[in-house]
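Bear in mind that the values in this text are calculations on the coordinates, not laboratory data. Predicted model only: the values in this text are computed from it and were never measured. So basically every Cβ, Gly included, is an ideal-geometry build from the backbone, and we count neighbours across all protein chains shown.
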C-alpha cells in the first residue's frame, strides 16, 4: 500500500461518497473505504450495504469453521461487485496477522481464513467490517469518475466505517464534509 500522505492526489485511507445522481445501482448512496489507490488503479470496500444472501454464522458454516460461544454477531457487507465470493476483513491496525496489509496507522485489511477463525473464537481486531467482494478501478478510472461528478471524498472516520448504523452512513458521510443534500447538484460544471 502507498503512503497517501506523500501524494495527496491519491485517496488511500479516505472515504468515497456516491453523489445522489450515481447511475450504477451497486453504488447508489454508497460509502466506500479506499484501501489502495495509486497509478495502477484503486480498490475499496463498500461500508454501508449488507450482503443479504448470507450472514456470519452461515459463512462460517460454509467454511467449516466452528464458532465459539463467544463468537460475535457480525453482519456480512457487500464490499463491491468484483470477486463477490472473496472475503475481506477491514479492521483496526492494532491487529496484524498473516496476510494483513496495513493501509495506514489506523486501518488494515486481511483476507485470510485465519482472521475469520479468530473472529469466530471471539478474538482478533478491536473493530472489524467483514465484506464479500470489493470495488475496483483500473488506471485513471476513479479520477475519470471524479471528473464526471460521480463521487465526493471525505477523511477516514472510524464511526462511519465500523459502526453498525448502516442506514445513516451515507447521510453522515455527506454531513462530515459539510454537504447539504438539498443544495447538492448532480451535474458537473466548468469554470
*asked:* With only alpha-carbon pairs counted, each pair once and no self-pairs, how large is the Kirkwood hydrodynamic radius of the stretch 98-142 in angstroms?
replied: 12.4
*Value of D in µm² per second that Stokes-Einstein yields for the chain, Kirkwood Rh from Cα pairs, at 37 °C (0.692 mPa s)*: 192
*Taking only DSSP H segments of four or more residues, each worth -39500 (n - 2.57), what value at 222 nm results for the chain once the sum is divided by all its residues, to the nearest 500 deg cm²/dmol?*
-4500 deg cm²/dmol
_Two-site FRET efficiency, residue 57 against residue 28, from Cβ-Cβ distance with R₀ of 30 Å, rounded to 0.05_ = 0.60
_To make sure I understand, if each residue's beta carbon is the centre and we count other beta carbons within 10 Å, what order do 101, 107 fall in, fewest to most?_
101, 107
*asked:* Taking only Cα atoms of the stretch 91-191, what ratio of Rg to Rh do you get with Rh as the Kirkwood inverse-distance radius?
replied: 1.04
*Quote to one decimal, in nm, the extra length available between residue 113 and residue 153 on full extension: 0.36 nm per residue of separation minus the C-alpha distance between them.*
11.3 nm
*Treat the count of other C-beta atoms within 10 Å as a stand-in for reagent exposure and order 95, 134 from fewest to most.*
95, 134
*Full-extension gain in nm, residue 179 to residue 92, via 0.36 nm per residue minus C-alpha separation*: 28.6 nm
*Equivalent ellipsoid semi-axes for the stretch 49-128, as square roots of 5 times the alpha carbon gyration tensor eigenvalues: give them largest first, rounded to whole Å.*
19, 16, 11
